[in-house]
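Take a look at the structure below.
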Amino acid sequence: MTWILIKKQMMEIFRSYFYDSKKNKKRSTVSTILFMLIYAVMMVGLLGGMFAYFSKGICGPFAAVNMSWLYFLIMSMVAVSLGSFGSVFNTYSGLYMSKDNDLLLSMPVPVRTILIARLAGVYLLGLMYSAVVIVPAVIVYWVVAKCTVLNVIGSILLIVIISLIVLILSCILGWCVAKISRKLKNKSFITVLASLLFFAAYYFVFFKAQEVINKIMVNAVVYGENVKNKAYPVYMFGRIGEGDISAMLIYTVVIVVLCALIYRVLSGSFINIVTSNNTVSKVRYKEKKSKMKNQFAAVLSKEFARFFASPSYMLNCGLGSLFLFVLGGVFIVKGHSLVVFADTIFQYKEAVRMVPLFFAVAICATAAMNDIVVPSVSLEGKNLWVLRSLPVKTWDIFRAKLAVQFIFTGIPVLFCDICMLIVFRADIKPVTLIMLFILPILYMVFMLLFGMLLGISFVNLTWTNETAPIKQSLNIFIAMFGGWIFAIAVALVFIVKAYKIGLFMYVIIVDMVFAALSVMLYIWMKKIGVAKFENL
């Protein structure tokens, strides 16, 4: 039974690779392999290659001064950070909030079996993210430094230990969130706020990491001696990768004991948290007048309520709004410095100003991070019939779903546009500035309609965990990376060839292209999109 549930959990995580929700049938073997290859290229080729290059740069200097343990310690910290960051937002929903918890608990299945299956999914996600860092680091060490039997055993054990540390950290945070959420009313906003603070801390550490690593490499011997003398357990952790037998035995025992304790705590509180119902609370009745809403306003309120009810939905599909406000602030504070710096890099004999276009493209690329509309249809799930049974026109349903993203993206885009105008108000002709102002707005409308097309074309109504349509679906992948590709293409075409026609003419052409594409998508939505939705 345990293996059956683990297999089910793995199939849920990788469901989009094996099952075509649009056709409601299993994908062909060729299609499955193709999807897996694309994912492998992204994870192994891009991320793995990036960390392999980074490992190669620092492995040699540390190995030359006989401090490979410090190299393994640094890469292990990076792997644990990335692994925890990659899986932390799935732990709470994956362990406690799955839709089939009630069904499984009603069956003659031991709770420990359900918990082990859930933990297997959390462990696998953490392993994938941490392995992207530590596996290239280990291979680089074998090639650059040395490769002995003990090195190989120690390095492999280090990979396993790091994955278990990620699992432990993810479970602790998921358990804390679950316990706290039972006491909170507006837990969605609390979760989002805590996650944003975690994001801020993570990126602060990330940007400071390179500076710290450079200092460590310059003074490796001094820092190494300080770690040995003042933090000997940390030193021993790095020795695992070098194949130190005592370090391997000690940390294996410690991690096994910690895993056992974490499992004991989770198994003791799993039933209580899963079966608790926080939706019922005592309220005092207050008589008040109810305002009547038209069809569109009623559905729009429902869409906003759905968005604000899910921290995962807000964080994964609406975070671009926050980044847009940050980007606008950067334009105001550092705009002129960035202009001077970029002007010195992009110099052409035609003396065409390219930097203003790059500012507009930056706004477009950041706006592409918002994909609220993409999973909106899939999130209806098996309750789609409730929406379809209402006396509401299908186009009003579409308009409501589109309006949520339009509002959340349009306001910060306008803010960035105004900041861009302030930066270039004295350098560029007003008519060119107007065209640049319009570009991010047209791009946003295009991506809005393009996201709705993806949401209708790749529908998943049979999910058991909302992270499936929000994070693990093909349409989300296409929307985000496709949006970045479109934005980058606008800049590349101008740099390579179109700079000859001048900035003003090029921006007009790009505006017209996005406007035409938006009109085409709008027509498709009104005719084909509505029909596809009604046939779901």
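Here is how the numbers come out for the structure above:
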| item | result |
| --- | --- |
| Viscosity 1.306 mPa s, 10 °C: Kirkwood-radius Stokes-Einstein D of the stretch 287-326 over Cα pairs, µm²/s | 130 µm²/s |
| All-pairs Cα distance distribution in the stretch 357-404, expressed in whole percent, bin size 10 Å | 22, 40, 20, 14, 5 |
| Translational diffusion coefficient (Stokes-Einstein; Kirkwood radius from C-alpha pairs) of the stretch 387-451 at 25 °C, 0.890 mPa s, in µm²/s | 179 µm²/s |
| Coordinate range along principal axes, alpha carbons of the stretch 382-536, Å, largest first | 55, 30, 26 |
| Listed residue pairs exceeding 32 Å between alpha carbons, taken from 334/497; 429/497; 429/526; 497/532 | 429/526; 497/532 |
| Heavy atoms of residue 524 accessible to a 1.4 Å probe, total area in Å² rounded to 10 | 50 Å² |
| Inter-centroid distance (Cα atoms) of the stretch 134-166 relative to the stretch 415-471, Å | 43 Å |
| With eigenvalues of the C-alpha gyration tensor scaled by 5 and rooted, the stretch 486-535, Å | 33, 11, 5 |
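The values are calculated or read from the model by the stated rules, or taken from the named source; none is laboratory data. In this text the structure is predicted, and so the values were computed from the model without any measurement. Keep in mind that these areas ignore ligands, DNA and RNA; they rest on the heavy atoms of the full protein, side chains included. Shrake-Rupley method; radii C 1.70, N 1.55, O 1.52, S 1.80 Å.
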